[in-house]
Structures are given as structure tokens and as C-alpha cells.
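Since the structure comes first, as C-alpha cells, the remarks are kept for the end.
Nothing in this text is a laboratory measurement; each read-out follows from the coordinates by a stated rule. Bear in mind the structure is a predicted one, so any value in this text is a computation, not a measurement. Don't worry about glycine lacking a Cβ; one is built from the backbone with ideal geometry, like all the others, and counts go over all protein chains shown.
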Amino acid sequence: MSIISNLLRRGSHEELWQLCCGYIDLSMKQFMVIQRRLLLDQLELLRNCELGRKVMRGAMPTSLEEFRREVPLTTYSDYCPELLEQREDVLPAKSVHWLHTSGKSGEYPFKWVPYSEKFAHELAILLYGTGIFASCNGRGDVSKAKEHAKIVYAVAPPPYASGTFVQITQEEVGATYLPPLDKAQKMSFEQRIKEGFRLALSTGFDYFFGLSTVLIVVGEQFGARSNRLTFMPLLSQPAALFRLLRGLVKSRMEHRSMLPKDLWSVKGIMSGGADSTVLRERLRDLWGRYPLETYACAEGSLIASQAWDYGGMTFIPNLNFLEFIPEDEHLKWRLDNSYMPETVLIDEVEVDKNYEIVITNFHGGAMIRYRVGDMVRITALGNKKLGIAIPQMIFERRADDLIDIAGFTRLTERVIWQAIESSRIPYEDWTVRKEIVGEKPVLHVYLEAKDGRAPSNKIIASELHEQLKKLDKDYADLESILGVKPVQVSLLPLGAFKAYVAERQAEGADLAHIKPPHINPSDKVLALLGIKK
């Protein structure tokens, strides 16, 4: 029996909270003590393994200071071919899981990342903690935590990171997945979603773990179909029939279409990425709860998580040693790749500044001073409302996903997405890049209207321009100082994004990369969306 299951069955609620969520009660000094201690343990493993000696380029650090001074920053190419070949003999510790994620065009088609048994165990405990945060009403509340919670399976199967996270949690505490894991992992993504919610009509479900956009699509489909429901097929499923009838009555009483929150009382929604922040209000309207946002990646697993106030994310001390490249150091490196950017530690970060994140795995992991490729923003040095003394972060963007307009502003995916949402233009999806038209920079937005319904390109461009002015002062200066209105809009053919996803699935792309990037799509991506350059 796992430690979580044992605590649940004994009713040891305080111990369960401390085990899974107690890191939010650490002082900054305690956080750093954990970071230093686990790093020294990891350095001993790295000094005694082939991969560690290779990546550290012969350095044999025995202290934090020596580690930061002597060991170079790394990218995935530094671990090739060893990790690509899944070589167990070179690792700091034996792996129990190999995770698969996307690679880099022209260098390697994908990445393999090993997790040791200890790393997976620690991760499972923290993942369970995100479920507690997503469902609790305050510090110490584990009243909704239970074994065998029902969870809609809405992620890619192992060895992809999200599916491996599900498997790791299942091994630690168990859950009832809809559909069951053995069936879900053999289905296509669309089949898993459809079957999961079909089963949930009869059984209900407690948690959703996956992409926020999936819940948006499912929720809006319920509303669109609520007036065309037929109940005959459900006569043999009384639980599902009762749930639908109850939801229909509730929606009719409120004079609106039926929404998922009329059918289910979801305990928690766990998600991640820029879409969770931008879509949070729509998700609450549809499902009755905000999504709990986490920051994770295959190479580092869970790095930070929101608490029950759905505010900034709190960094986690015991999976990775954390370093931060200040944005100005990152920009120096962008201009000269031979430049070695300086890092700061978590007790040195500053509020309202952006940092490229650097991780070193603990517990026998393989990644050493590894540049994840993400930029995060420090929003506060703690959460006074909740009594958290650890810096708070939000995911800002991929480190290379910036659109610079005339040197006045650098627009991020988050800001552009917020502008599109605020414009209230009905859309399926979008992508944007900077283009030069007649020697002038243009913010070119390629947008597919929902059901083909949209005002003219010029009206959309004007509305987006006004929303961007409200969201970004530097952008507003483009018009007030230069008289520039750089937004240009092209409407994509109906079904463009659906066709793109189908093409990428046919190519075997993993779930996290079947959609086109929102920022700086290539000519090839635009061609697949029906735009020829």
C-alpha cells in the first residue's frame, strides 16, 4: 500500500496535507536548505556516472558555488546520443520511466528523458497535491481527497509526459480513469475524449487533467446540442438519462443552453500552459470551476503549481535545483550565442521581471543546468494572502516566442490571446507572426472564424488593435508616437485548423504538438492552414 493510500485510509488528514502540499509553508531559508542538500546528493551521483562526467565536461564540483562556476549551461544536444539511445549504463540512477517529447527539427526528431524510481515517487506525491489544491477550500483541507477518484482521461498516452504523469500517479495511489487506462491508451485522442465523457454521463467524474482547450470545446458542444437532444438511446442507461434530464431542467430554469456544470459538479480541474490563464473565465462559466494551473515539462516534471486561490504559481523545492537567467542576460545571449549568461537563484529573483528557467534534476535525474526554453515572470516574492513565503510565477512564453514591433514593444502569446478573447470575435483558433509589408512591420493575425461567422478583416484588425493598446502600453505608443496601426488580419478557410491537426496526427506527431504554434508559424505551417506565401 502506498503512503498516500495509507494516510487516506487512516484519516490522517494533517499528515497527508504536509506530505503533498506542505512545501507552501516553507520559509525562503528552508526552501534553499532543501535545494542545497538535494543538489549535493545529486552531485555525488553525477560525479560517479558517465553521463554526468560528460555533460559537466570533467568538472567535479562538491559545492553549490563550484557547480555554478564550473558546470556549463546545457541543451538537449549535450545529452545525445546517450539519451536518444536510452542507455541505462550511463545514467546517475536506474530509470523506471522513459518519457518522450518533441525534438528539434534538423537535430533530433524527439527527446527521451529518464525518471528514476525516487524521482517518480516524489513526483506522484506532488501531483496528488495538485489535486488537493484544485479541490480544497483552504489550508489543510483534504476533505475531497480520496482513493480511486474518477478522472476523465484526456492526455496523450505514455511515453508522452502527460500520460506518464497519469501512470505515475496511478501507481502511487490509484484512480478510476474514464475510459480505463488499458483501453484509453489504445484509442485516438478524439475517441478517448468522446468515450470518457460518454461514461461520465453515467458515472459522473471528480477531476479533469489535460488541456483547457479540450474542456472549452466539450463545453461549447454541450450548449450547441442541448436543443437537439434525443433521449431514446439513453433509455438503457438510467443514470445518464437522469443526469441529462436534471441538467436540462436546470438550464431551462435559467433560460439558457445546457452547460457541463448543469451535469457535473467537478471537484477539480488541473491544467497548464498559456491557454489556462487566458481561458479561465470561460472555463468557470462552462464547468463551474477555475482550472488549477501548473508549470511542468518532460525534462523537469512538475516545477510550480497554483494553490487554492488560483493566483501565482509557487515553486516546488524537491524535484529540481532552480536557476534563473535574467531576461537582459538572455537577450545578450540571443545576440551572441557564444556569450555565457549569468544565473540567479530563487532567493535572488526580483518582482515583475522575466527569467529563462534552468533546472538540474534531483533524485538521480539526468538533466544538468538544463535550459528548458521557457520564460517565466516573477509576480511576487510570496503570497501574503495565503501566507506563502516562496516567489510566485506565471508562465510568460517560450523563450524564443516574442514578436518585436518596430523596437517599441515585444508582444507575447499571452497578450495577443487576451486581446483576441477580449474582442469577443467568435473564433476556432489563430496564429500570428511579424511580417514586413512595404518595408513596414505588420502583426499578421491568421484567424479561423467559428462556423465562418466573422466581421470583415478590417473590423477585426481595428478591434484587435484597440484591445492591444489597452493591454500593452508600449504597443499603444506605436500609434501615439509613430501613428502606426500594425495589425493585419487574414481569415482562414473554414476547417483549416481541423485539417491541420488531422495532417499532423497522420504524421505521428505527439499530442502537445499537433496544433500549429500561436506565435511565428513557418511558411509550411501556413501552407497547411491554406495560406500560400
Packing rank of 329-336, 171-178, where each peptide gets the mean count of other beta carbons within 10 Å, highest leading: 171-178, 329-336
Among the GluC sites (Glu not before Pro) in the range 356-463, which ones are in a DSSP loop with at most 14 other Cβ atoms within 10 Å of the Cβ? Mind listing them? E439
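Enter the mean projected area of the convex hull around the alpha-carbon atoms of the range 403-528, in nm², rounded to one decimal.
Values: hull surface 31.2 nm².
Averaged projected area of the range 403-528's Cα convex hull equals 7.8 nm².
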Rg/Rh over Cα atoms for the range 23-128, Kirkwood Rh, comes to 0.99
Determine, for each peptide in 450-459, 471-480, the mean count of other beta carbons within 10 angstrom over its residues, then list the peptides with the highest first. 471-480, 450-459
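For the range 354-437, run through the trypsin sites (Lys or Arg not before Pro) and keep only the ones in DSSP coil with at most 16 other Cβ atoms within 10 Å of their Cβ. Before the final figure, lay out each step's value.
Working: sites: R369, R371, R377, K384, K385, R397, R398, R410, R414, R424, R433, K434; in loops: R369, K384, K385, R424.
In loop regions of the range 354-437 (DSSP not H, G, I, E or B), the sparsely surrounded trypsin sites (Lys or Arg not before Pro) are K384, K385, R424.
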For the range 77-213, treating each Cα as an identical point scatterer without solvent, what Debye log10 I(q)/I(0) comes out at q = 0.11, 0.17, 0.20 1/Å? -0.48, -0.99, -1.19
Hey, got the dipole for the range 351-396? About the Cα centre, +1 on K and R Cβ, -1 on D and E Cβ, debye to the nearest 20? 140
Placing +1 on each Lys and Arg Cβ and -1 on each Asp and Glu Cβ in the chain, then taking the dipole about the Cα centre, the residue among Y427, N337, A240 whose Cα reaches farthest towards the positive end is A240
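Could you work out the helix-only [θ] at 222 nm for the chain, with each DSSP H run of four or more residues adding -39,500 (n - 2.57) and the total divided by the number of residues, to the nearest 500 deg cm²/dmol?
Details: 19 runs with 206 residues, N = 533.
After summing the helix terms and dividing by the residues of the chain, the value is -11500 deg cm²/dmol.
Net charge near R68, counting Lys/Arg +1 and Asp/Glu -1 over other residues with Cβ under 11 Å of its Cβ? All intermediate terms of the calculation are to be shown ahead of the outcome.
Working: positive: R69, R369; negative: E65, E66, E70, E323, E342.
My count for the surroundings of R68 gives -3.
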Could you work out the equivalent-ellipsoid semi-axes for the chain, taking the square root of 5 times each eigenvalue of the Cα gyration tensor, largest first, in whole Å? 36, 33, 22
In whole angstrom, how far apart do the alpha carbon centroids of the range 18-48 and the range 421-492 sit? 45
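Below 11 angstrom from the Cβ of P317, what's the summed charge of the other residues (Lys, Arg +1; Asp, Glu -1)? Intermediate results must be reported in sequence, preceding the final value.
Values: positive: R36, R37; negative: E122.
The answer is +1.
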